[in-house]
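The values are calculated or read from the model by the stated rules, or taken from the named source; none is laboratory data. Since the model is a prediction, treat every value here as computed from it, not as a measurement. Cβ placement follows ideal geometry from the backbone for every residue including glycine, while neighbour counts extend to all protein chains displayed.
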Amino acid sequence: MEAAVNETVRETTETPPDVRGPTSAWPLSIFVAGWIAITLAVVGTLALQVARAVEGGLITPECQAAGLEVNKSFGARGVCNVVTALRSPAETTLLVLALALGGAAIVAGWTTYKGMDTRRKRDHAIAGAVLGVQAALVAAFLLLFRSGSLLFPFVRNVLNFTYLRGTFHLFLEAAGRTLYMAFLGEAGGIAIGLILALFTLSKRRVVRAPARAYINFFRGTPLIWQLSFFYAVFTLGVGLSVGTVFTAIIVFALNMGAYLAEVFRAGLQSIERGQMEAARSLGMSYFQAMRYAIVPQAVRRVIPPIMNDFVVLIKDTSLIFVLGVILGQEELFGVGQEGYSSTFNATFFVGTALGYLAVTLPLIAIVNAAERRLRSGLVGIAGAA
Amino acid sequence: MQPEDRAIVRLEGIHKWFGDHHVLRGIDLELDAGEVQVVIGPSGSGKSTLLRCVNMLEIPSEGHVWFEGRDITDCRTDLNAVRTRMGIVFQAFNLFPHMTAVRNITVALQKVLKVDGREAKERAMEQLTRVGVAGKAEAYPGQLSGGQQQRVAIARALAMRPKLMLFDEVTSALDPELVGEVLDVMKQLAEEGMTMMVVTHEMGFAREVGTWLIFTDGGMVVERGNPTEVFANPQTERLQQFLAKVL
């Protein structure tokens, strides 16, 4: 019966045009070409740098011409190595290859992706072309940058890593202090934020109003002002000789409390009304229902934003510099700032950035993993039920 | 209790406004121990609100709710204590998703009734067995079917050893093939003499299990009586129309 209907349809209608077009070959090779191009440009350049640094080498005539002398300019050898590696024939080969392969991937991917007969092949072609664009951009930038007359001053002032020799323990200790302040600040913020969030959800305005005033105040004034003001209040106003670190932790907790209160409030409000009703109908008081039914679910949902705020706080600990930290007690930014002001070399800031990233990148990875787990985990299943 | 005051629940002139919306317009009801009160009616007729007024999840705007001889609409009433003696089962189950089935039951036993851990667990397992999901005691709600979740919810309410059970359209969110297992549990409960108030769209269940039936529409009781008689001989046009649609 159905077949018969199909037969008649086929007979009465024209053969539709084949909209798929002809099948193209080699989508994977486009993808691989893109990958190789970007790898050559980025990994290859770094590898050449490492090789040159390990191998060492004398000051080249070119470097001497730029004013680099071993006993006169600090870190002359390191700077010379960086520049020499960047301007080496090997690097030229790498960059030209990357440019050529990248260009080929762009052209091949762009012209063929529409003709691919499966989505996977099409995705490979498109990804290969995009990688080609990235590789070409990186290679072109490096080619241009390394040939400029600004390369020597740039490397001497920003990538003069000899300055960082022997400072690793300083950065390590500073990272420890950064984490210590951020962790205690966050812990205090979680406690304050949860209580404030419960207040803001009260049905009584007299309970809500002070919590809202607190939140608006701490969200409405800059953290740098809060640090300065509370330090002045503690030392001058109250006459407590508490340290800058202690003040900072208190202020971080007060400030985070305001932000986390909003996070918790959103989390608590996202729990279905039926949960509260079910708990109350079992005879639980409002606070028992919150404690056993609502808060545990809300906390799970807000773990990612809480950790996000933790990452933000890690970076905001740098603001403690306005309080003038004692030498040897600096956090990451302080160490960089201290090194910079004693040498006027910005390589210390590069070291600081590496220090922050070493702390924050793993945390960001954990946040993302937590988000994925939450989306696929217990709460997700229950939310769908 | 006085012999003449055998009513477990008595509603007197219950009115409920949501803003300008007059949802309940003066409802009276009385239910003795061991009776099953069935409430039917079109959606939006105030059935659920009426049921939720019985355990004061909704506070009646006017009128009184008497439970075991006491006026629980008196604002001095400890509603938490009252609610331990009155179970409710919801349309959306409302199990705690972060707790296993057995923990869903023991949490209130331990934290509200102060039953010690081991006894709470025994009572929970007893109820899970009664509703036929003992095998799923350690499962989380998200791992259970709708019918299993709803039976756990019934077990959770029963473990408190309530004097009255309220059922708020408990099969409405279930796939058709899962409705039977939940209704069977409720029938069994009724046979064991539990006093129940049931808002439902299951007319067969209403006829078979109900001691009394009320048909509500527009926030008022339009018809009431013995379910078999009411179904066989509807007096009002509104009930006739309603039955024509649902049967």
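Do the conditions hold for residue A:302, that is, is it modelled with pLDDT of 90 or more, under 26 Å from residue A:259 (Cα atoms) and within 14 Å of another protein chain (Cβ to nearest Cβ)?
Numbers: modelled with pLDDT of 90 or more: yes; under 26 Å from residue A:259 (Cα atoms): yes; within 14 Å of another protein chain (Cβ to nearest Cβ): yes.
It is true that residue A:302 is modelled with pLDDT of 90 or more, under 26 Å from residue A:259 (Cα atoms) and within 14 Å of another protein chain (Cβ to nearest Cβ).
Scanning the range A:149-199 for residues that are small (Gly, Ala, Ser), under 30 Å from residue A:290 (Cα atoms) and surrounded by fewer than 16 Cβ atoms within 10 Å (Cβ to Cβ) yields A:187, A:191. Here the helices (runs of 4 or more DSSP H) wholly within the range A:120-229 that include at least 2 residues being within 30 Å of residue A:253 (Cα to Cα) and out of contact with any strand residue (DSSP E or B) (no Cβ under 6 Å at 6 or more places or on another chain) are A:168-200, A:205-220.
Among the conditions (1) in contact with an Asp or Glu (Cβ under 6 Å, 6 or more places away or on another chain); (2) surrounded by fewer than 16 Cβ atoms within 10 Å (Cβ to Cβ), the only one that residue B:32 does not satisfy is (1). I want to confirm something. Restricting to the range B:140-158 and keeping residues that are more than 9 Å from chain A (Cβ to nearest Cβ) and of a type outside the set (Val, Ile, Thr), which single residue is farthest from residue B:86 (Cα to Cα)? Ranking the qualifying residues of the range B:140-158, first place goes to B:145.
Listed here are the residues, each with its yes/no results for (1) in contact with a helix residue (DSSP H, G or I) (Cβ under 6 Å, 6 or more places away or on another chain); (2) more than 13 Å from residue B:39 (Cβ to Cβ).
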residue: B:143; (1), (2): no, yes
residue: B:160; (1), (2): no, yes
residue: B:167; (1), (2): no, no
residue: B:171; (1), (2): yes, yes
residue: B:191; (1), (2): no, yes
residue: B:198; (1), (2): no, no
residue: B:231; (1), (2): yes, yes
residue: B:237; (1), (2): no, yes
residue: B:241; (1), (2): no, yes
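Across the range B:93-137, the number of residues qualifying as surrounded by fewer than 21 Cβ atoms within 10 Å (Cβ to Cβ) and within 8 Å of another protein chain (Cβ to nearest Cβ) comes to 4. Residue A:329 fulfils the conditions (1) away from every other protein chain (no Cβ under 13 Å); (2) part of a helix (DSSP H, G or I); (3) of a type in the set (S, T, N, Q) except for a single criterion, (2).
Please return the ranges of helices (runs of 4 or more DSSP H) entirely within the range B:126-237 where 3 or more residues are acidic (Asp, Glu). Before the answer, list the steps.
On the way: elements: B:146-158, B:176-191, B:203-209, B:227-232.
Ranges flagged: B:176-191.
Checking each residue in the range A:267-288 for being assigned to a helix (DSSP H, G or I) and at the interface with chain B (Cβ under 10 Å from one of its Cβ atoms) picks out A:273, A:274, A:275, A:276, A:277, A:278, A:279, A:280, A:281, A:286, A:288.
Only one entry of A:285, A:281, A:318 meets the criterion of being buried (at least 18 other Cβ atoms within 10 Å of the Cβ), small (Gly, Ala, Ser) and farther than 23 Å from residue A:189 by Cα, and that entry is A:281. For residue A:335, indicate whether it is of a type in the set (Val, Ile, Thr), within 14 Å of chain B (Cβ to nearest Cβ) and either within 23 Å of residue A:177 (Cα to Cα) or in contact (Cβ under 8 Å) with a residue 24 or more places away in the chain (or both). So residue A:335 does not fit the description; no.
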